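Structure, as C-alpha cells:
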C-alpha cells in the first residue's frame, strides 16, 4: 500500500490539475506515484517540475517505502536528486528500512552518485535499521566502486570492513579496501586475521588474493593455529593445501632494507597502475634516517583525513590516551603519506633453549622440530645460528619486571642481516616498516622505528612507532606526538 506524507514546499503557483495531466500526458506520463518515480529514475527534471506544479507531494513513498530521492540515487539520476534536494528533501532522508539515498546509491553500485552525494554532505556514518553503515553495505553486497568512494571518509572502518569482506568472500572488495588503506594485518577480537577468516569460510579467491597482497601464511592465532590449520578444522582441505606449503628459502630470508623497499615499491606501483593512473616517477625508496624533507605543512595529511571524515578528534593510542604532550598544539611536519606497511613472520618458532641447544619448530604441511646450536644452519635456509642463550629482560608482557627469556640469534649469509628470535614470541625477519611518500616531491622512503629525519626548516622528527594502520611521529624538541594514517597505494 502506498504511503503518503507531506513536506513544506517552496512557494509556487499551483496549476489546474487537468492542465498538468495534459502536459504530462504529452510527455508520456500520468499524474500517478508510479510515473513520479519513473520520471525520477529517468532523470526527467522537466516532468518532475510539472508534477510539483500540480500539487504532487515530493516526499511521496512507494510501496517499498522509498522516496523518489532514493529511486533517483539508485539510478544515478543526478539531475533528479539535485532537484529533489532543492525542493526540500533531506540528503540523509531515511526510508522505512532506515536507509538513506547514499545507501541506495551504494547498493546499486553507482560510484559516481556515491561521490556526488558525499560532496553534498551525505553522512557516511549513518546506520540502517540492521546496523549497517554505507561502507559495510558496500562490502556485504560486493560493490567495489562504492567502497573506493567511501574509503577516504571512514578510514576508521576500513579494517573492520576488510574483516567482513573476508567473512563473505568478496575478493574484489578486498582489493579495493587494501588499496585505500585497510590492513591485511588486521585482527578480530579473537585474534583471527582476514586470511584466517576467509580460509575458515571456504573462500578460495579471497584466500588467493590475500596471500598475493602480502597476508602471512605463518601468522598464528592465540591458540597457535595458522590459517591452514583453521581451514583444515573447518573442512576445507583444498584451501589448507593452497595456504600450507613447505617454506621456501625466501620465506626464511632476512631481507635487506633495499630488498624491502623494492618489494613495497612494487606493491604500490602495481596498485596505481591497475587503477589506470600514470605511475609517478620516483627514486628508489631508501631509509628515511637523516633525510631532509619538503617544507613543512601544518599536519597536512591528518587535516585531510579529518575533513574527509567530518570529525575533529585528537589522535589517541591503543589505550585511548591522547597522543600529544599535554596541551601542546599540533606540530608542523612535512606532508608525509603512509602508502604501505610490512612485517614478515618467518615459519620458524623457538620453543625451548637448554644450555647451548635450542629447539625450533618449522611450519609447513608436516611441521617438524629440530635442535640447533651455534654454527648450525636452519634447515631449508641460508640462516646460520650465531648464538643460543638465555638472558634477563623486561618487557610489556612482564609489566617492566625482569624475566628470563630464551634467545636464538641468526644471521642470513646472503644478506648479512642478523636477527634475534625469542622463545614464545612469533619470529620475524625485520622490524615493522612503512613506505612513506613525501607528498610535495613524490619521493618515497622506508620508515622504521627509531629513525630520525628533518624538515626543510631544520625541525627534527623521530619515528616513534610503525603500526599496521598508522605511523607515530614525534617532534624531538617538544616531545609532541602525532599520527599519520595508512592511506594505501591509492588513498
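Helix 257-274 sits at what angle to the longest principal axis of the chain, using alpha carbons and giving 0 to 90 degrees rounded to 10?
The angle comes out at about 20 degrees.
Just to verify a number: FRET efficiency for residue 208 and residue 115, C-beta to C-beta distance, R0 = 25 Å, to 0.05?
The formula returns an efficiency of 0.25 here.
Return the Cα extents of region 190-251 along principal axes one, two and three, sorted largest first, each rounded to a whole Å.
29, 25, 19
More than 19 Å apart: what percent of Cα pairs in region 1-159 qualify?
Counting pairs separated by more than 19 Å, the tail of P(r) holds 53 percent.
Based on other C-beta atoms within 10 Å, arrange 266, 430 from fewest to most.
In increasing order of surrounding Cβ atoms, one gets 266, 430.
For region 226-269, what is the Kirkwood estimate of the hydrodynamic radius, computed as the reciprocal of the mean inverse distance between distinct Cα atoms, to one decimal in Å?
12.6 Å
Taking only C-alpha pairs under 8 Å that are 6+ residues apart, what is the relative contact order of region 348-422 in percent?
Relative contact order, region 348-422: 23 percent.
What is the projected area of the convex hull of the Cα atoms of region 348-422, averaged over all directions, in nm²?
Quarter of the Cα hull surface area: 5.5 nm².
Normalised by the residues of the chain, what does the relative contact order come to in percent, with Cα pairs under 8 Å and at least six apart?
It rounds to 12 percent for the chain.
Under 20 Å from a label point 7 Å along Cα→Cβ of residue 269: give me every residue in region 412-444 with its amide N that close.
Output list for this probe position: 434-444.
What is the spin-label model distance, in nm, from residue 126 to residue 233 if the labels are put 7 Å beyond Cα along the C-beta direction?
4.2 nm
Taking the number of other C-beta atoms within 10 Å as the exposure measure, put 103, 392 in order starting with the fewest.
Ascending number of Cβ neighbours within 10 Å: 392, 103.
Note the direction-averaged projected area, equal to a quarter of the hull surface, for the Cα convex hull of the chain, in nm².
Mean projected area for the chain: 28.7 nm², to one decimal.
Once the Cα atoms of helix 17-26 and of the chain are each reduced to a long axis, what angle between those two axes, in degrees from 0 to 90 to the nearest 10, is obtained?
60 degrees
Using the alpha-carbon atoms, what tilt in degrees (0 to 90, nearest 10) does helix 158-168 show relative to the longest principal axis of the chain?
That helix lies at roughly 90 degrees to the long axis.
In Å, the Kirkwood hydrodynamic radius of region 392-461 over pairs of distinct alpha carbons?
Result for region 392-461 stands at 15.6 Å.
Going 7 Å from the Cα of residue 393 along its beta-carbon direction, which residues of region 457-476 have the amide nitrogen within less than 18 Å of the resulting point?
The answer is 466, whose backbone nitrogens lie closer than 18 Å to the label point.
Since every read-out is calculated from the coordinates, none of them should be taken as a lab result. Everything numeric here is computed off the predicted structure, so don't read it as measured data. In this analysis, Cβ positions are derived from the backbone assuming ideal geometry, glycine residues included, and neighbour counts consider all displayed protein chains.
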